[in-house]
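Have a look at the structure below before the remarks.
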Amino acid sequence: MVVLHNHYSPNKMKFTQLTFLLGSLVSGAILASSSQTPLTADDYVPLHPHLEARSRELLARYPLIDTHIDLPATMRTINRRPMDAIPRLNISHPGHFDIPRAKKGGLAGAFFTANAPCPGAYGRDVGPDFLGLTETVQHVLESIDLVKNTLAYYPSLLTAARTADDVRKAFSDGKLAILMGLEGTHGLSNSLSTLRMYAELGVRYVTLTHVCHSSFASSNGGGAGTTGSTIPPVHPGNGLTPWGVTLVKELNRLGVMVDLSHTSDQTARDAIRHSVAPVVWTHSGARAVHNHPRNVPDDILELIGDGPDKNNGIVLSVLFSTFIDPSNATVARVVDHIEHIASIVGKSHVGLGSDFNGISLAVKGMEDVSKWPNLIQELLHRGWNESEIEGVMGGNLLRVMEEVEKVKEELKDHSPSAEIYEKRTDLPAHEWGGPNMAYLAPDVVDIVVEQKRRFRDEL
Ligand SMILES: *[C@@H]1O[C@H](CO)[C@@H](O)[C@H](O)[C@H]1NC(C)=O
Ligand SMILES: *[C@@H]1O[C@H](CO)[C@@H](O)[C@H](O)[C@H]1NC(C)=O
Ligand SMILES: *[C@@H]1O[C@H](CO)[C@@H](O)[C@H](O)[C@H]1NC(C)=O
């Protein structure tokens, strides 16, 4: 992408049109030119060569799960027909992830994120009420479809996973377990029905915000490519809205994990207070190690861990150089974040969430998915023992997933929330009656007429 950008960015429009016109004819050439800045598995240099064999042994014995890879977004960013990318995934694909590199790195499981850009990114103003956000649902569904078709294309290499047991089975079968998360509740189009359908399709976490606020929750903004400042609040208290509290309860009931990466600090506190299940940060570091709004501050880390007053959640550490430490973006510095977080929440509440394909530059030594042995080596180098490392790699996350599944089981008799977003103006859907209400039975017409009269009187 960098190469392309330099070539064509003097006139972005022209580039877009060019890609559009030439379509699949040039897409091969585009991919070839992108790979001029190769991040191939062959670049791997062990960080601690004497620990290389040991790190491989651990990767073979225990599943390493990455909670955040934006692969569908990359497939959609560079292809007019995103499904054309699928066959390339087993050869080489631009960005930080493809199947050969995942295998080299010993990756066992990954959450691919389904998302839609925040509306502001494409010039859409949703106003103070967040109304009219429907195209996000198309983007999310198309991303999910892309993941499902990728899974269908590679039945011997990849397998869909929804539960901790699914991940364990995939690992023992030697297949890469693929799970899905939704990044940002703007992708719900203000609807819990949408959430329930995403859950049926396999979405297993929802990040309460991306870099924009939603009707449910306040974001910290300050994502990749920004100055690292937070965004101005729009909701009173800058946390979860009452509607967002309803969402968190529905997530608990559905067994979908509540992800707090990207959210405002108050959203995180509110969600921890209201969630009866463990919460997760799928791709964040420690703010005390590097002061950035995408990292978790100590006073919020204090709410996580073992013990009756704590949420039993997990912080999965990100690899983006900007969040880790721009002046020392290295694997060692990533482990500084992990160790700081662990010093507060405990070693059984930390894990790994790269943000690969959602970042411009991963830290040195962890440039792509093929480099995971380096991170294991650094943990070994610092004296983490086998069971602790097993936990960081994936064991801690699997425990959290099991607890979230248990909460779902405990709440199985609870009804789905019937709540709708109070600011919606499209329900009841009186205009669905057609010309002269010709689609409606007479008793339904009577109700519509009566409702319209009452609503008019109320105004
Ligand atoms: C994926 O690539 C590997 C290594 O080249 C090859 O052995 C395997 O047959 C390929 N599988 C598919 C489904 O393309
Ligand atoms: C980078 O961070 C690592 C881990 O804390 C440290 O050992 C190293 O000295 C740092 N390097 C620089 C140049 O600050
Ligand atoms: C590893 O460390 C943990 C404490 O974090 C301890 O409970 C466990 O017994 C240790 N395991 C081994 C094999 O030393």
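The values are calculated or read from the model by the stated rules, or taken from the named source; none is laboratory data. In this text the structure is predicted, and so the values were computed from the model without any measurement. Every residue, glycine among them, receives a Cβ derived from its backbone with ideal geometry; neighbour counts consider all protein chains shown.
Among the residues of the range 76-122 satisfying the criterion of being in contact with a Gly (Cβ under 9 Å, 6 or more places away or on another chain) and of a type in the set (A, V, I, L, M), which is farthest from ligand 2 (Cβ to nearest atom)?
Per the criteria, the residue is Ala116.
Between Val258, Val296, which is more than 26 Å from Glu200 (Cβ to Cβ), crowded, with 20+ Cβ neighbours inside 10 Å and touching a strand residue (DSSP E or B) at 6+ places or on another chain (Cβ under 9 Å)?
It is Val296.
Could you please let me know if Asp355 is more than 10 Å from ligand 2 (Cβ to nearest atom), of a type in the set (Asp, Glu) and at pLDDT 95 or above?
In short, yes.
Between Arg399, Arg424, which is more than 16 Å from ligand 3 (Cβ to nearest atom), of a type in the set (Lys, Arg) and within 29 Å of the chain's Cα centre (by Cα)?
So the residue among Arg399, Arg424 that is more than 16 Å from ligand 3 (Cβ to nearest atom), of a type in the set (Lys, Arg) and within 29 Å of the chain's Cα centre (by Cα) is Arg424.
Restricted to the range 308-339, and to residues that are within 16 Å of ligand 3 (Cβ to nearest atom) and outside any strand (DSSP E or B), which residue is surrounded by the fewest Cβ atoms within 10 Å (Cβ to Cβ)?
Glu339
Small (Gly, Ala, Ser) and within 16 Å of ligand 2 (Cβ to nearest atom): which single residue out of Gly365, Gly391, Gly433, Gly395 fits that description?
Gly365
Could you say which residue among Ser370, Ser387 is within 16 Å of ligand 3 (Cβ to nearest atom) and hydroxyl-bearing (Ser, Thr, Tyr)?
Answer to the selection: Ser387.
Give me the pairs, please: first residue somewhere in the range 344-355 and in contact (Cβ under 8 Å) with a residue 24 or more places away in the chain and of a type in the set (Asp, Glu), second residue anywhere and in a helix (DSSP H, G or I) and more than 16 Å from ligand 2 (Cβ to nearest atom), beta-carbon distance under 9 Å, and either six or more positions apart or on two chains.
Once the first residue is in contact (Cβ under 8 Å) with a residue 24 or more places away in the chain and of a type in the set (Asp, Glu) and sits in the range 344-355, no partner that is in a helix (DSSP H, G or I) and more than 16 Å from ligand 2 (Cβ to nearest atom) comes close enough.
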